[in-house]
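In what follows, a structure is listed as structure tokens, so that the remarks can point back to it.
The values are calculated or read from the model by the stated rules, or taken from the named source; none is laboratory data. Bear in mind that the values here come from a model prediction, so they are computed numbers and not experimental data. Counting neighbours? That spans all protein chains shown, and the Cβs are built from the backbone with ideal geometry, glycine included.
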Amino acid sequence: MGLSLDASVALIAIAPFLAAILAPLIQSLAGRFAAWILFIVPAGIFIVLLGLAERVVAGQTISTAIGWVPSFGLTLGFFVDGLSLVFALTISGIGALIVLYAGAYLRGHRHLGRFLAFLLAFMGAMLGLVLADNSLAIFMFWELTSITSYLLIGFDAGRQAARRAAIQALVITNIGGLCLLVAIIVMQQLSGTWLLSELRGLEGVVRDSAFYGLVLTLVLAAAFTKSAQFPFHFWLPNAMEAPTPVSAFLHSATMVQGGVYLLARLTPVLGETSVWTGTLVAFGSVTLIWGAIGALRQTDLKQILAQTTIASLGLLVVLIGLGSKAAIAAMIVYFIAHAFYKAGLFMVVGGVDHEAGTRDITALGGLADKMPVSFIGAALGALSMFGLPLTVGYFAKEEMYLAAFGGDWLAWLVLAVLILGNALLAGIALLIMIRPFLGDALPTPRKPHEAPIAMLSGPLILGGVAVVGGLLPEWLGHDVLAPATLAVLGVEAEPHLSLSFDITNPVLWLSVITWGLGILVFRQAHRIRVLLRRAELAIGWTADRAFDAVMFGLIRFAGAVTRFLHHGRLEIYLFTVFAMLGLALFVPLSLLGGFDWIVPTADLGDWSKRLVLPDLRIYEWGILLFVLVGLLAVLIAQSRLIAILSLGIQGTGLALIFLLFGAPDLAFTQLMVEVLSVVILTVVMTNLRLDARDHRPFEDWARDGTLAVICGAGVSHLLMLVLTGTFDSRLSDFFAKTSVPVAHGANIVNVILVDYRGLDTLGEISVVMGAGIAILALLRRRNKPAIAARGEP
Amino acid sequence: MDYILAALVGVFVALGVYLLLSRAVIRMLIGMVVLGNGVNLLIFTAGRVTREVAPIVPEGLETPAGAFANPLPQALILTAIVIGFSMFAFLLVLAYRAYQSLDADDTDTMRLAEPENAPQPPLSY
């Protein structure tokens, strides 16, 4: 099979994993050049994807399928359409820059190889997620992004904060992952297909079913946890514990966009209902405003960016919820703009932190002189975030206002929320660009100097693309937005992006209002921060702390359950075991009518027949009595010695029973064993200082006695029922018939033991030998009390 | 006849269970033996009891002449008796060593593996 262009799609999803496996090796061989070598993989993927772009722009869908579990009809299909291409290009493109950046950022770090491995594995999972056709594969990659993200957030595992953030992200996103799995299974049951490409063609099969509400809830739970929507937003700022390359890649441009991708992908299946629009717009709006306000509260640059990421994710969800052509086009262009500027800004912030030793916005100033290139990178990103014309961010803002403009009062409300959110974000953009870089120089822990080229290339390239994209509206609209919108909505829609400014266009004035408000926010940032801090203190309770409460509650609950079940009291364990035996003896039998004989229906004559004494001979009665006396003596024995001797009585009696009823071999063995047992017990146990009697409080006595009687009666009853049944003697007859002719032995029991079941007997001998060895080991171990060994007196 | 044996099995089992529920290790040992005997008798009885001869083919014959006791349960019980004895011997020595180490034969005081106040799982990350 030649490697066709379509099959290369599958290769794209696999290559990062291969690179991840090799990364530690490459790191140990190539040292500081490892990142440059590994850079080839994402860069190569990016180029291959670009090669597919032409066909996608022409409206084609490129798909490939390889057998996964053919016996279940499962294929691991991949397909590329406008939407997945935009995501995949963003992931691989930014991923390539991040690999370079990480190599420089963690230069000389002991575990750089491991870090690059995690990073590449994550990229593979993310690419798989956006390229997969099979919904089970999507779930698999979805969970893989959670797991790799967990590894990356907790990369600095020595710090408790990192461990906590990692566990938090894993728990929250995995809850969503499990919801997604259920939703996927329900959708498959409804539609009969695992393939998204087929599911999207089946209009209304999920939407019109009774399970629509369930599926929608589950899918939203998955998307909202992954994409940090309110009220699941709190894990994202905590994930900033990860090294900056991770924050720049996972928690701005890629992983958190997984939920956005899922919602966009499932729009044709679940969307276009009022529930869909209402829920997404409501949650997205709250998230947008919440995140933007949260960003203003912070002084840590990374935290500010993390909070704005939450806001941007909310914005994307609002746009998907609106679901019109303009809204989807706005969603795509905003996704691109955000990914570029956010990754770039994160990288700049990481550089500042790296070179100046702090990332506190109040402690930085005037860095533009010392780090001019970083400043250019920051400015390019921040201006795109601000939404200035000539950047991609401008078009994103224009498109989304257009999407929400005109309509009923709800649409106006959404528009107001969008303007407010964008204005807050614009103010924060100015803050990030101006505060650390302009103004008076402040003393910093380290003497700031320019970051290395590998750390600068990212922000510069991303910022540059943001501007180039902003200069080419025609290309952006036709080659990027149109195919992606087609992929989401299934209808041709080409947004007309334009750089011509028409002052009669109200949308332009909305932009102007946004900028004005943004500048106002920037000027008042300090005052707003003080106010918000005060409010935060007044409330004093956050979702983040609720998470701790839930987790610790879970641990306490687990501890309590363990202690309840695993209490360490042997007699209660045994009581539970025998109580279960009692239940097993009575409950199933009573359900199957095993006790019907107790209530004789009509024929009383039959009942009386059962009371006839069996034809036991007098000496047989005597032996039975002997056994019973032995048993009773064991029970009531006043001393240990009597109990042991009584044990011998009942054993001997049993041997006599065997002898009477045609089992001399058994009788001899039983007798010998019994004698041995009594002798050994007497020797071992009578010279110990032990309580002579079996002390039990009355309630224990009553409890144990009742259970014992129940078990005994149950076994007797079961045996009697067995005896009333017919007896299948085929096996016994076979042994009797073949014993002499085939096995040449007259004693059938012995023939069975050593011939027919010879291996069984071998096992039995092994058990005896094993027990012997264990006994020997126990006895030869010198007296060293365990208590002394534990250091107690 | 076999109903009487079935009732006897019940007595064996009841006594075995009662002794196993004791806190004294030596009573538990005795309980193990009694319960084992009860189960052996159960297998024996379930294979149907006859007052007939042992399952031995007389000299010169190919198959047993006339009725004979069921050999299959006997073979099973023979194995069970031996294994039961091995287990009894092992448990006895174990109890003996436990007594030597802990100076007790009360299971409530034997709590080295599962201490009375096990610590709470740690409440941190």
One residue from B:58, B:73, B:64 being in a loop (DSSP other than H, G, I, E, B) and more than 7 Å from every other protein chain (Cβ to nearest Cβ): B:58
Given (1) at pLDDT below 90; (2) assigned to a helix (DSSP H, G or I); (3) surrounded by 15 or more Cβ atoms within 10 Å (Cβ to Cβ); (4) within 14 Å of another protein chain (Cβ to nearest Cβ), index of the condition residue A:572 fails: (3)
Residue A:190 being in a helix (DSSP H, G or I), under 30 Å from residue A:64 (Cα atoms) and modelled with pLDDT under 90: yes
Of all residues in region B:76-125 being outside any helix (DSSP H, G or I) and small (Gly, Ala, Ser), the one that is nearest to residue B:40 (Cα to Cα): B:104
Every pair of residues 6+ apart whose Cβ atoms lie under 7 Å, when the first sits in region B:105-117 and is at the interface with chain A (Cβ under 8 Å from one of its Cβ atoms) and within 15 Å of residue A:571 (Cα to Cα) while the second is aliphatic (A, V, I, L, M) and part of a helix (DSSP H, G or I): B:105/B:25; B:105/B:26; B:105/B:95; B:107/A:570; B:107/B:25; B:110/B:98; B:110/B:102
Candidate set: region A:722-733, residues that are surrounded by 13 or more Cβ atoms within 10 Å (Cβ to Cβ) and over 15 Å from residue B:49 (Cα atoms); chosen: the one farthest from the other protein chains (Cβ to nearest Cβ): A:733
Residue that is farthest from residue A:480 (Cα to Cα) [pool: residues in region A:49-67 that are in contact (Cβ under 8 Å) with a residue 24 or more places away in the chain and assigned to a strand (DSSP E or B)]: A:66
Qualifying residue in region A:502-509 (condition: surrounded by 13 or more Cβ atoms within 10 Å (Cβ to Cβ) and closer than 22 Å to residue A:296 by Cβ): no
Those residues of region A:323-333 which are assigned to a helix (DSSP H, G or I) and either surrounded by 24 or more Cβ atoms within 10 Å (Cβ to Cβ) or among the small types (Gly, Ala, Ser) (or both), in sequence order: A:326, A:327, A:328, A:329, A:330, A:331, A:332, A:333
Identity of the residue in region B:81-97, crowded, with 19+ Cβ neighbours inside 10 Å and more than 7 Å from chain A (Cβ to nearest Cβ), that ends up nearest to residue A:569 (Cα to Cα): B:95
Hits in region B:40-55 - residues which are assigned to a loop (DSSP other than H, G, I, E, B), small (Gly, Ala, Ser) and closer than 16 Å to residue A:718 by Cα: B:47
Filtered residue count, region B:1-38, keeping only those that are under 28 Å from residue B:109 (Cα atoms) and part of a helix (DSSP H, G or I): 20
Number of positions in region A:701-721 that are free of Cβ contacts under 8 Å to residues at least 12 places away in the same chain and more than 8 Å from every other protein chain (Cβ to nearest Cβ): 3
First in region A:391-412 and in the same structural domain as residue A:501 (by TED's automatic domain parsing) and of a type in the set (Ser, Thr, Tyr), second anywhere and surrounded by fewer than 23 Cβ atoms within 10 Å (Cβ to Cβ) and in a loop (DSSP other than H, G, I, E, B), Cβ under 8 Å, 6 or more apart: A:394/A:388
Complete set of residues in region B:42-55 that are of a type outside the set (Gly, Ala, Ser) and either more than 8 Å from every other protein chain (Cβ to nearest Cβ) or surrounded by fewer than 24 Cβ atoms within 10 Å (Cβ to Cβ) (or both): B:43, B:48, B:49, B:50, B:51, B:52, B:53
Criterion: more than 7 Å from chain A (Cβ to nearest Cβ), more than 28 Å from residue A:736 (Cα to Cα) and surrounded by 23 or more Cβ atoms within 10 Å (Cβ to Cβ) - qualifying residue of B:15, B:19: B:19
Selection from region A:734-760 of residues that are polar (S, T, N, Q) and within 7 Å of another protein chain (Cβ to nearest Cβ): A:739, A:747
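This table checks each residue for (1) at pLDDT 80 or above; (2) surrounded by 15 or more Cβ atoms within 10 Å (Cβ to Cβ); (3) at the interface with chain B (Cβ under 10 Å from one of its Cβ atoms).
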site: A:551; (1), (2), (3): yes, yes, yes
site: A:582; (1), (2), (3): yes, yes, yes
site: A:594; (1), (2), (3): no, yes, no
site: A:602; (1), (2), (3): no, no, no
Filter pass, residue A:628 being modelled with pLDDT of 90 or more and either assigned by TED's automatic domain parsing to the domain that holds residue A:748 or more than 15 Å from residue B:30 (Cβ to Cβ) (or both): yes
Qualifying position, being modelled with pLDDT under 90, in the same structural domain as residue A:418 (by TED's automatic domain parsing) and more than 26 Å from residue A:198 (Cα to Cα), among A:337, A:282, A:311: A:337
Extreme residue, surrounded by the fewest Cβ atoms within 10 Å (Cβ to Cβ), among residues of region A:139-175 that are closer than 14 Å to residue A:251 by Cα, hydrophobic (A, V, I, L, M, F, W, C) and more than 9 Å from the chain's Cα centre (by Cα): A:151
Residue count for region B:22-41, restricted to those that are out of contact with any Phe, Trp or Tyr (no Cβ under 8 Å at 6 or more places or on another chain) and either facing chain A (nearest Cβ under 7 Å) or modelled with pLDDT under 90 (or both): 7
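Results for (1) free of Cβ contacts under 8 Å to residues at least 60 places away in the same chain; (2) of a type outside the set (Val, Ile, Thr); (3) part of a helix (DSSP H, G or I); (4) touching a helix residue (DSSP H, G or I) at 6+ places or on another chain (Cβ under 9 Å), shown as yes or no for each residue.
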residue: A:259; (1), (2), (3), (4): no, yes, yes, yes
residue: A:264; (1), (2), (3), (4): no, yes, yes, yes
residue: A:278; (1), (2), (3), (4): yes, yes, yes, yes
residue: A:293; (1), (2), (3), (4): no, no, yes, yes
residue: A:318; (1), (2), (3), (4): no, no, yes, yes
residue: A:346; (1), (2), (3), (4): no, yes, yes, yes
residue: A:351; (1), (2), (3), (4): no, yes, yes, yes
